[in-house]
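The values are calculated or read from the model by the stated rules, or taken from the named source; none is laboratory data. Keep in mind it's a predicted model, so treat the numbers as computed, not measured. Ideal geometry is used to build each Cβ from the backbone, glycine not excepted, and the neighbour counts take in all protein chains shown. Accessible surface areas use protein heavy atoms only, side chains included; no ligands, DNA or RNA. Shrake-Rupley method; radii C 1.70, N 1.55, O 1.52, S 1.80 Å.
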Amino acid sequence: MARKKMRPWTFLLLTVTLQLMHQTSETQTAKSPGTSPSLLHHLHHPHDQHHPHDQHHTQDQHHPHDQHHPHDQHHPQDQHYPQDHHSHDHHDDPGPSPGPLDPSNCSFSSSLPEEQLRVEFSSSVVDSEYIVSFAGYYRSAARRRFISAALQDWGLSWTVLPRLNPAQTYPSDFDVVQLHGKLKAGVSALEEHPLIRRVTPHRKVVRTLKYSKVEEDSGKKEKPPKGEPHPHPCNTTVGGNKSWPDTQSFDSSRAYNSRRRSLSLGATYWMSASGHKSRRLMRAVPKQITGALHAEMLWGLGFTGAGVKVAVFDTGLASDHPHFRKGRVKDRTNWTNEKTLDDGLGHGTFVAGVIASHKECLGFAPDADVYVFRVFTNNQVSYTSWFLDAFNYAILKKIKVLNLSIGGPDFMDHPFVDKVWELTANKVIMVSAIGNDGPLYGTLNNPADQMDVIGVGGINFENQIARFSSRGMTTWELPGGYGRMKPDIVTYGSAVRGSALKSGCRSLSGTSVASPVVAGAVTLLLSAVLERSHVINPASVKQALMASALRLSDVNMFEQGYGRLDLVAAFHTLRAYKPQASLVPGYIDLTEDPYMWPYYTQPIYYGAMPVIVNVTILNGMGVSGKIIDKPLWEPFLPEFGAYVEVAFSYSAHLWPWSGYLAVSITASKAAASWEGMAKGQVTLTIESPPDSDEEEPRQSTVTLPIRVKIRSTPHRSKRILWDQFHNLRYPPGYFPRDNLRMKNDPLDWNGDHIHTNFRDMYQQLRSSDYYVEVLGAPFTCFDASQYGTLLIVDAEEEYFPEEISKLKRDVDNGLSVIIFADWYNVSVMKKVKFYDENTRQWWMPDTGGANIPAINDLLLPFNMTFGDDVFEGDFTIENHDMHYASGTSIAKFPQNGMLLTRTLKNQGNEVLKGETLTKEGVPILGMHQVPRPGAGRIALYGDSNCLDTSHLQKDCFWMLKAMLEYTANNVRPPPYLFSQEPVQLPPLLELPERMEGNHLHRYSKVIEGNLGKSRSRPLPPCPSLNWAKPHPLNKSAPSNLYQPQKLMSIELDPNAMPVNRPDNLLNGHLNGIQDKPGLVDSELNTGSLVSDHPTFLSMLAFLSTGLVVLFLINQFYRRRSRPKRKRPRQAAKPRKHLPSNTSYGVKIPGV
């Protein structure tokens, strides 16, 4: 009897069954970290000597840090520190290892109501208190002598505030001084002392947690975007403190003057806008975050974090928390003014648990040495000085990994930023949350946005970027440069389980959750390479994480960085790592969609403003380094590389561990009418001082492949010039939001760039085939004959007199101008100032939503003016619903121009008097043809909120396009939109005036202070680029030009590896380790929960299960075939008419 063949769909069913069982097994299984010692030898190396170098930035003239000083300091030995008054070791038993995990405890089907915890932050300057930073570390008596010598001739009363923390007995590089009397004179005197390098106002940070129930199906509740599932929190608390909800959501308010803040957020997801999916397979939320990243594979090799010091800067930790092994919490220190070391909020406990918990909700490195730094009080207050003292103590304790799940937008808080540089220069690997201000772009938090820090973004367990995760680019470099790529990597940050306040587990979401996931993973990795400590530093660890990360599909680099953390691949990379330099990103492809957004959205062409790509240089060879000679531009002649021109600006010194390479790219004159792809590469060599046992300097040569798309120069009517130079943002000054209703988010800090908070507007213009270029210099620095429209939106900066006169000439010669303004009223500005009762300090805005007096100076030659009334309201234009959010009105306009009026509410009167008044006939939109042959056109609108994604309610992109049709092509709007009769504006008695006593001159590039008044600075020269001399290569680019760069690796001795390892864990990635994020991994399944790195036992289990399933399926079909074989005997007469080949190739018995 022939064996019946299995149908093809049977194999498909079997494959799907095994795949589902494989994924289910991965989400249900988590091994407890073993205690077997590592067989690797532990080698100890002396710390490298650090050399002082200037810090780097994209555009030197705009960098916020002007001076840099050596950070190579000498500290007393650790054993001199008095341990008894602040440190408590744990005495709890390790407890049994956790058993098998029950998948029923955690899924997306939870129906429990979600409780939301809103986190609000504020930061303010402490009145009369200043941080005095010294040029070195000195004892308290010496520091006092320096201060006294600086102030003795001024007759000032001053006090050095005492330290009430463990740092009081050690040398320090700063003091907090309280001045009384002539503050400005005292600050100036201190700054003139040769051993005092900086005097900075002392800051206070307040964090407020507010609980609120999230109602289901409420009309007030914000619904997820189309195609996005509602968040389903995981109910996983086991015996926890009942005062905490089982699942919590933290919302970031991006509140006033926010600096360093906890970055926990709700478990909401940002889905790719690729269309609605009615049904899809939902992955279960894993009960153990360690299992999602396969930490058990390193535990099985005997690596559990032992020998690595990890610091948690947060809200503290209880001494008797049961989740931490006895003796593993080595030190608990309190840097606040409260007399407790315990955590009263639960955030610090959760973060520490993700890193080092050993039961219930497992951490990555349960045998690590945990150092707990309590830097926030139970009232959620902190000061910059507390952080500085705690950072110094971390350097003293030789901390290896430091987690900072807090952040804020203030990258110009000089003492804090400088201390972070000093930490990393001392080989402290800092991991920090990138921020919870997504999905907006330009919302990165400091210190995660620094080059020497590992900035971590968040994803959910569907491998999608979490909605809350902040997006790049960095805004340090604006307006003259372009931001860097951040975050560095992403990992799971939604619905992650961690330790609750007293015991048990709870689930939290936010980048403050993703950050300790990476910090714990790094701690575990370092314990696996203790014998290679001489090559471990902040740069090498960052290189290994990024080179081994898995890129997410359909996500750009400003959302994911190099991709999702792959713990096992990072282990392979770090074990074989050889000191070297690398570039981030590793290539420039201005055509790659979507990873290289926004570069791929617009081709380059001759005459355009250069495209700037800000590349980060990571130097794993040493804390300091430099670029030898100059970078070389090597065009590929057969690939039309000669049509590309390239210019460079770069760090004079790479310190600490990093630098920048700004690549400016444009098309040559020969390509003015050419279209096609052009390729080439940039080659540069990095050099660092030799190591202690070396004689020759270390060198590393890296290449940066470049591919661009060139088109012929478009007509000027299609070219728009965006004015970036006159946009100001926080930091450093208090520039308020453009919408006065946004009380919980009053700071304008997203950069006002076409690729940050005006990203949606930019994409709308590109979809209409407009070409948008960015002007980062004064109006005197562009050729107006090349552009159809100059677009000025939400400008806060002043204007040079030369700019005003040049713009008048340019408009007379055919350039058109569109201006979107915002509210401005001196009385309202005084009303919205902030006063802190605790610090007794006023914070006054430096402008309104826009600088209307400056804009009026620009418009005065055209007989146009904006007023200072503040309006809001809803109305329609044609069939479009519009919302006017804290805008201004047109107060003066040429009589032959077109004006659009609407009825609006006087919001300024409401702010000042609490009364709601309605005004009819408010002029909000004006269009005017300048009465001169060949002259351009001007269009004004009083509110920019309809273009700004930061607080967009109803967009007006359609109106902007209509205005562009008018300014560029003289396409007039329908006549019925405007009054047929000229609008009679009331006579303007006086122009809006600048507020007396404003501090705009402190932050302006245009004006400066002079004897209590402001005056114009000298007009700066226009920036000029030195185009690199080409060094052509007569070769074609590789078929896959962007094959990722390889990190140099060493040959490993197989005998040095642990004997209890699965072979398949050790075979890959040892030789020629590839920088995976350079290309999308072809084997990456974006829907899978974790990457495929199975152990031998798991493979054996899956194989056995598959054989059982195969046997059952085979038996099932054999049973189904038996009745068919008997039927011919019961109905023999009909069957004798059937041919023997009618049974699909199988002979039927009896026929």
For the stretch 932-943, state whether one or more residues are under 24 Å from residue 808 (Cβ atoms) and of a type in the set (Lys, Arg). yes
Go through (1) within 16 Å of residue 868 (Cβ to Cβ); (2) in contact (Cβ under 8 Å) with a residue 12 or more places away in the chain for residue 920 and report which single condition fails. (1)
Single residue of the stretch 554-592 satisfying the filter (polar (S, T, N, Q) and more than 18 Å from the chain's Cα centre (by Cα)) that is farthest from residue 527 (Cα to Cα): 591
Conditions first: (1) modelled with pLDDT of 95 or more; (2) aliphatic (A, V, I, L, M); (3) open to solvent by 10 Å² or more (accessible area, probe 1.4 Å); (4) in contact with a strand residue (DSSP E or B) (Cβ under 6 Å, 6 or more places away or on another chain). Residue 740 passes all but one, so which condition is the exception? (1)
Residue tally, condition open to solvent by less than 30 Å² (accessible area, probe 1.4 Å) and more than 29 Å from the chain's Cα centre (by Cα), over the stretch 692-711: 1
Is it the case that some residue within the stretch 726-735 is open to solvent by less than 30 Å² (accessible area, probe 1.4 Å), of a type outside the set (Phe, Trp, Tyr) and farther than 30 Å from residue 962 by Cβ? yes
Filter pass, residue 426 being open to solvent by 10 Å² or more (accessible area, probe 1.4 Å) and within 25 Å of the chain's Cα centre (by Cα): yes
Looking at this structure, is residue 597 within 26 Å of residue 1036 (Cβ to Cβ), not small (Gly, Ala, Ser) and not in a helix (DSSP H, G or I)? no
Quickly run through the stretch 766-785 and pick out the residues that are under 18 Å from residue 961 (Cβ atoms) and touching a residue at least 12 places away in the same chain (Cβ under 8 Å). 766, 768, 769, 770, 771, 772, 773
What is the residue count in the stretch 383-431 for residues that are in a strand (DSSP E or B) and of a type in the set (Val, Ile, Thr)? 4
Pick out, from the stretch 284-361, the helices (runs of 4 or more DSSP H) lying fully within it that include 2 or more residues that are more than 26 Å from the chain's Cα centre (by Cα). 295-300
Please count how many residues of the stretch 681-730 are among the aromatic types (Phe, Trp, Tyr) and in a strand (DSSP E or B). 1
Can we say residue 617 is touching a Gly at 6+ places or on another chain (Cβ under 7 Å), of a type in the set (A, V, I, L, M, F, W, C) and open to solvent by 30 Å² or more (accessible area, probe 1.4 Å)? no
Looking at (1) touching an Asp or Glu at 6+ places or on another chain (Cβ under 7 Å); (2) among the hydrophobic types (A, V, I, L, M, F, W, C); (3) farther than 25 Å from residue 560 by Cβ, which is the one condition that is false for residue 596? (3)
If only one of 515, 503, 553 is modelled with pLDDT of 95 or more, of a type in the set (Ser, Thr, Tyr) and not in a strand (DSSP E or B), which one is it? 515
When residues of the stretch 495-504 are limited to those that are open to solvent by less than 10 Å² (accessible area, probe 1.4 Å) and out of contact with any helix residue (DSSP H, G or I) (no Cβ under 8 Å at 6 or more places or on another chain), the one farthest from residue 353 (Cα to Cα): 495
Can you give me the number of residues within the stretch 162-178 that are modelled with pLDDT under 90, among the aliphatic types (A, V, I, L, M) and either open to solvent by less than 60 Å² (accessible area, probe 1.4 Å) or part of a strand (DSSP E or B) (or both)? 1
Just to be sure I understand, how many residues within the stretch 345-373 are open to solvent by less than 10 Å² (accessible area, probe 1.4 Å) and at positive phi? 1
Of all residues in the stretch 374-420, how many are open to solvent by 10 Å² or more (accessible area, probe 1.4 Å) and of a type in the set (Phe, Trp, Tyr)? 2
Of the residues in the stretch 919-969, those that are within 20 Å of residue 824 (Cα to Cα) and part of a helix (DSSP H, G or I) come to 950, 951
Qualifying strands (runs of 3 or more DSSP E) (wholly inside the stretch 813-918; at least 1 residues being open to solvent by 60 Å² or more (accessible area, probe 1.4 Å) and farther than 17 Å from residue 994 by Cα): 834-836, 841-843, 871-877, 880-887, 890-892, 898-906
Give the residues of the stretch 945-983 that are at pLDDT below 80 and either open to solvent by 60 Å² or more (accessible area, probe 1.4 Å) or under 20 Å from residue 818 (Cα atoms) (or both), sorted by residue number. 975, 976, 977, 978, 979, 980, 981, 982
Kindly evaluate residue 678 against the criterion of being part of a strand (DSSP E or B), touching a helix residue (DSSP H, G or I) at 6+ places or on another chain (Cβ under 7 Å) and open to solvent by less than 30 Å² (accessible area, probe 1.4 Å). yes
